[in-house]
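What follows is a short report on a single structure.
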Amino acid sequence: MNRSFFPRRAGRAALSALVTLFLAACGGDDAVSPSPSEPRLTDVAPCQEAPGFLCGTLEVPLDPAEPEGPRLALAVAYTDRPDAPHGTVLMLAGGPGQPAVDFYPPHISRDFPEDLFHAVQWVALDQRGTGAQALDCPALQERIGSSDLLPAPASEVEQCAARLSDVRSFYGSDATVADLDALRRALGVERWTLNGVSYGTYVASQYALAHPEHVQGLVLDSVVPHTGLDLTMQPVVDALPRVLADVCQEQGCTTDPLSDLRLTLERRADDVEIFNWLVATSVFDPWFQAVPQALAEAARGDDQRLNALLAQAAEDGAATAQQLSQGLHVTTLCADQTAPWGDALTPLAEREAWLTQFLDSDLASHYAPFSLDTIVALGTLENCRHWPPIAPAALVRRGPLPDVPTLLMAGGRDLSTPLSETERQLALAPGGTLVVLPQAGHGVQAWPQGLANVAEFLCVGPEALPLPPGSDIAGRCAVDSQPR
């Protein structure tokens, strides 16, 4: 497989002009230069939507290798408590493509008990390509919304890549890791705890591998492992029988939902939409309230309930680029993960042959009840298949994480980042402690029991984890409370 192709790097003047035009077209601020020698926060003022937080801007180089080149302005929010008794915690959103500043600070300010709020210095950063500076590809955004799995026509993928042009090579997770360390220096923090959810766990792990001396601890919630990733979604398919069986035991099913799913797939032509619906349900409704009945009825030829649920999933999946940037999502995933054709440098002309070889393989039983054709048609593969070659993120992907206290959390019914992926990351975490909430889905900290475990980990330590069900959040971080 040819690995000689590298994206063309524009000259500095041309690139600066390109970035300025691109950011203006996407609604972001113009690039500025030159840069100060050390990063700093500017335009700092109290956050209007998050009492107790300060909001500001962190300027970072578009290309971390060219600190004096074109720059990006990233939104930051933090509680100005550098001497907080339990250190600094950076909250990392997922996607990739989700902003953090509009979500975490209001949530922390509004919902956290006083002792937990004041126990640490909370920090949130809109990663490059998200929020106000979201990479916006309008056609792709409207087509996919917030989904990880829906495909777009090749023309819309190619249009997005052309819109981003050479800029897209600066939005891999390695550039984000550089931004995080710039933020650490701007805050004057020597060591901090990184708290990532979903794809934020991947960024947190990559930061820990790149800068272990600056990591006090890790909270990895709904884990995307830092090694062994590919775009064929095998762990999702592997987890599906267990999750459906668990749901059925709770609901008292009269039929086998996995068999019902197989019969439904045999008589319908929307396998990708059904795959996407099941994964999305594990995120938004981990009780799978209507799923077994809808599958049982569809297996008998009655599609009314299933069609209504699929339509609702499509409606709920709409998202603007500022809510979840599909431009960033595609460019980052395609650079960070491998596919049947290898990595992101594989020429477009060679990828079809590799997909044909995958379809002709003996792997069909590994993806049942879905077919290999369905797997190839998922957006994870289909969109990256048409994404022009780009240098893979130059990150350390192998080996164990630093030996620091690490809390790994998983929802037993999560199909987006299944339990098996968290268990795989646990094997690479020397300081790891695993907490599983059997009935939870994606994003364990959204559950009071999950957040109680995080509070215990941050303020007491991992020795008593997991906490018994029903444990209270308040009182776990005994510090003198102050008004927010």
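If each DSSP helix of 4+ residues adds -39,500 (n - 2.57) and the sum is divided by the residues in the chain, what number results at 222 nm, nearest 500 deg cm²/dmol? Write out the running numbers ahead of the final one.
Details: 18 runs with 195 residues, N = 484.
Estimated from H runs of four or more residues: -12000 deg cm²/dmol.
Given Cα pairs under 8 Å that are at least 6 residues apart, what percent is the relative contact order of the chain? Each step should come with its number before you reach the end.
Values: 964 pairs, mean separation 97.5, N = 484.
Answer for the chain is 20 percent.
So how much slack lies between ALA269 and LEU363, counting 0.36 nm per residue of separation and subtracting their Cα-Cα distance, in nm?
Details: separation 94, 0.36 × 94 = 33.84 nm, distance 2.11 nm.
Using 0.36 nm per residue and subtracting the Cα-Cα distance, I get 31.7 nm.
Tell me the accessible surface of ARG191 in square angstrom (1.4 angstrom probe, heavy atoms of protein chains only), to the nearest ten.
Counting only protein heavy atoms, the figure is 110 Å².
Between ALA391 and ASP181, what length in nm is gained on full extension when 0.36 nm per residue of separation is reduced by their alpha carbon distance? Provide the component values of the computation, followed by the final result.
On the way: separation 210, 0.36 × 210 = 75.60 nm, distance 2.18 nm.
Length gained between ALA391 and ASP181: 73.4 nm.
Once both labels are modelled 7 Å past Cα along the beta-carbon direction, what's the GLU142-THR42 spacing in nm?
Label-label distance for GLU142 and THR42, simple model: 3.6 nm.
Can you pull out the GluC sites (Glu not before Pro) in the range 106-214 whose DSSP state is coil and whose Cβ has at most 13 other Cβ atoms within 10 Å?
Answer in residue order: GLU190.
Just to verify a number: what accessible area does GLU297 come out at with the full protein assembly present, 1.4 Å probe, Å² rounded to tens?
20
Quick test of the membrane-span-like rule: which DSSP H helices of the chain reach at least 24 Å along their long axis (C-alpha atoms) with mean Kyte hydropathy at least -1.0? Write down the numbers at each step before the final one.
Working: long enough: 234-251 (26 Å, 0.10).
For the chain, where a helix must reach 24 Å along its axis and average at least -1.0, the hits are 234-251.
Ordering ARG81, ARG168, ARG262, ARG398 by accessible area with a probe of 1.4 Å, largest first, what comes out?
Numbers: ARG81 50, ARG168 25, ARG262 105, ARG398 190 Å².
From most exposed to least exposed: ARG398, ARG262, ARG81, ARG168.
What accessible area per residue comes out for the range 343-465, rounded to a whole number of Å², with a 1.4 Å probe?
Details: 4630 Å² over 123 residues.
Heavy-atom accessible area per residue stands at 38 Å².
If eta is 0.890 mPa s and T is 25 °C, what Stokes-Einstein diffusion coefficient results for the range 228-331, Kirkwood Rh from Cα pairs, in µm²/s?
The estimated diffusion coefficient comes to 165 µm²/s.
So what's the net charge close to LEU378: Lys and Arg +1, Asp and Glu -1, counting the other residues with Cβ under 11 Å from its Cβ?
Values: positive: ARG385; negative: ASP148, ASP271, GLU273, ASP373, GLU382.
After counting each charged neighbour, the total is -4.
Using alpha carbon coordinates only, what is the Rg to Rh ratio of the chain, with Rh defined as the Kirkwood radius?
Details: Rg = 22.3 Å, Rh = 23.2 Å.
Reported Rg/Rh, Kirkwood definition of Rh: 0.96.
Based on the Cβ-Cβ distance of GLN234 and THR320, what FRET efficiency does E = 1/(1 + (r/R0)^6) give at R0 = 35 Å, to the nearest 0.05? All intermediate terms of the calculation are to be shown ahead of the outcome.
On the way: r = 31 Å, r/R0 = 0.89.
For R0 = 35 Å, the calculated efficiency reads 0.65.
For a quick check: with amide H placed at 1.01 Å from N, whose amide H comes under 5 Å from LEU150's, ignoring anything fewer than 5 positions away on the same chain?
Amide H neighbours of LEU150, under 5 Å, 5+ apart: GLY379.
Between THR254 and ASP302, what is the FRET efficiency for a Förster distance of 22 Å, r being their Cβ-Cβ separation, to the nearest 0.05?
0.90
For the range 137-206, build the convex hull from the C-alpha positions and give me its volume per residue in Å³.
Working: hull volume 8.3 nm³, N = 70.
Convex hull of Cα atoms, per residue: 118 Å³.
What part of the accessible area of the chain, given as a whole %, is carbon or sulfur when the probe is 1.4 angstrom?
Of all accessible area on the chain, carbon and sulfur atoms account for 53 percent.
Multiply the residue separation of ALA162 and ALA349 by 0.36 nm, subtract the distance between their alpha-carbon atoms, and state the gained length in nm to one decimal.
So the chain would gain 65.6 nm between ALA162 and ALA349.
Which value, in Å² and to the nearest 10, is the accessible area of SER371 when all protein chains are kept and the probe is 1.4 Å?
Near enough 50 Å² of accessible area.
Sort out for me the Cα centre separation of the range 339-413 from the range 172-234, rounded to whole Å.
First find each Cα centre; the distance between them is then 20 Å.
Only Lys, Arg, Asp and Glu count, each charged at its Cβ (+1, +1, -1, -1), so figure out the dipole size of the chain about its Cα centre, rounded to 20 debye. Numbers along the way, then the final one.
Details: 29 positive and 60 negative charges, 141 e Å.
Approximately 680 debye in magnitude.
P(r) of the range 135-268 in 5 Å steps, Cα pairs, percent per bin?
Spelled out per bin, shortest first, that is 2, 8, 11, 13, 14, 14, 13, 10, 8, 4, 2, 1, 0.
With a probe of 1.4 Å, find how much accessible area the range 142-290 has per residue, and write the answer as a whole number in Å².
Details: 5170 Å² over 149 residues.
So the range 142-290 comes to 35 Å² accessible per residue, rounded to a whole number.
Which of ILE144, GLN249, PRO96 sits closest to the plus end of the dipole of the chain, meaning its Cα is farthest towards the positive end, when Lys and Arg get +1 and Asp and Glu get -1 on the C-beta?
My answer, from the dipole projection, is PRO96.
The values are calculated or read from the model by the stated rules, or taken from the named source; none is laboratory data. If you're wondering where the values come from, they're calculated on a predicted model, not measured in any experiment. Every residue, glycine among them, receives a Cβ derived from its backbone with ideal geometry; neighbour counts consider all protein chains shown. Calculation scope for accessible area: heavy atoms of the full protein, side chains included, ligands and nucleic acids excluded. Shrake-Rupley method; radii C 1.70, N 1.55, O 1.52, S 1.80 Å.
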